[in-house]
Amino acid sequence: MTRDEFWLRYLRAHRSAGTRALHYVGSLLAIGSLLLAIVTSDWRWLIAAPVIGYGLAWTAHLAIERNRPETFGHPLWSLLSDYRMLLLALSFRLEPHLRRAGLR
């Protein structure tokens, strides 16, 4: 599977706006946790980052999408796609990608 094929598959696994919203919150809180780890020199924030980020994302998949997170099959591509989705959403450029994935 190419990166582009995975990207479209990833978007289809996140068809609900609620799922994407929980991913955005989790990703931003994970970044915040990493920054807190640096600022406070408290290693516990390093542990909190993936717990918070993945916890919210996986909850969205279980409760909203009712599907299996892509993380289990493709952890690195999934992580990169998660932040790609976040950056595109924050820059208001996600819509064409959702259309291309057949979600609009």
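Residues are listed down the side, and each one gets a yes or a no for (1) modelled with pLDDT of 95 or more; (2) β-branched (Val, Ile, Thr); (3) touching a Pro at 6+ places or on another chain (Cβ under 9 Å); (4) closer than 17 Å to ASP82 by Cα:
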site	(1), (2), (3), (4)
ARG3	yes, no, no, yes
ALA13	yes, no, yes, yes
ALA21	yes, no, no, yes
LEU34	yes, no, no, yes
THR40	yes, yes, no, no
TRP43	yes, no, no, no
ALA48	yes, no, no, no
ALA57	yes, no, yes, yes
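Inside the range 66-89, residues that are farther than 16 Å from PHE6 by Cβ, surrounded by 11 or more Cβ atoms within 10 Å (Cβ to Cβ) and either among the charged types (D, E, K, R) or free of Cβ contacts under 8 Å to residues at least 12 places away in the same chain (or both) make up a count of 1. Of all residues in the range 8-65, those being in a helix (DSSP H, G or I) and touching a residue at least 60 places away in the same chain (Cβ under 8 Å) number 8.
Cβ separations smaller than 7 Å between residues 6+ apart or across chains give the following pairs from the range 90-102 residues that are of a type in the set (A, V, I, L, M, F, W, C) to residues that are in a helix (DSSP H, G or I): LEU94/MET85; LEU94/LEU88; LEU98/LEU11; ALA101/LEU8; ALA101/LEU11; ALA101/ARG12. Scanning the range 14-50 for residues that are touching a helix residue (DSSP H, G or I) at 6+ places or on another chain (Cβ under 6 Å) and among the acidic types (Asp, Glu) yields nothing.
Here's the yes/no breakdown for (1) of a type in the set (A, V, I, L, M); (2) within 12 Å of the chain's Cα centre (by Cα); (3) at positive phi:
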residue: ARG9; (1), (2), (3): no, no, no
residue: LEU34; (1), (2), (3): yes, no, no
residue: ALA37; (1), (2), (3): yes, no, no
residue: SER41; (1), (2), (3): no, no, yes
residue: PRO50; (1), (2), (3): no, yes, no
residue: THR59; (1), (2), (3): no, yes, no
residue: GLY73; (1), (2), (3): no, no, no
residue: TRP77; (1), (2), (3): no, yes, no
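The values are calculated or read from the model by the stated rules, or taken from the named source; none is laboratory data. Just so it is clear, the structure is predicted and the values come from calculations on it, not from any experiment. Cβ coordinates were reconstructed from backbone atoms using ideal geometry, including for glycine residues, and neighbour counts include every protein chain displayed.
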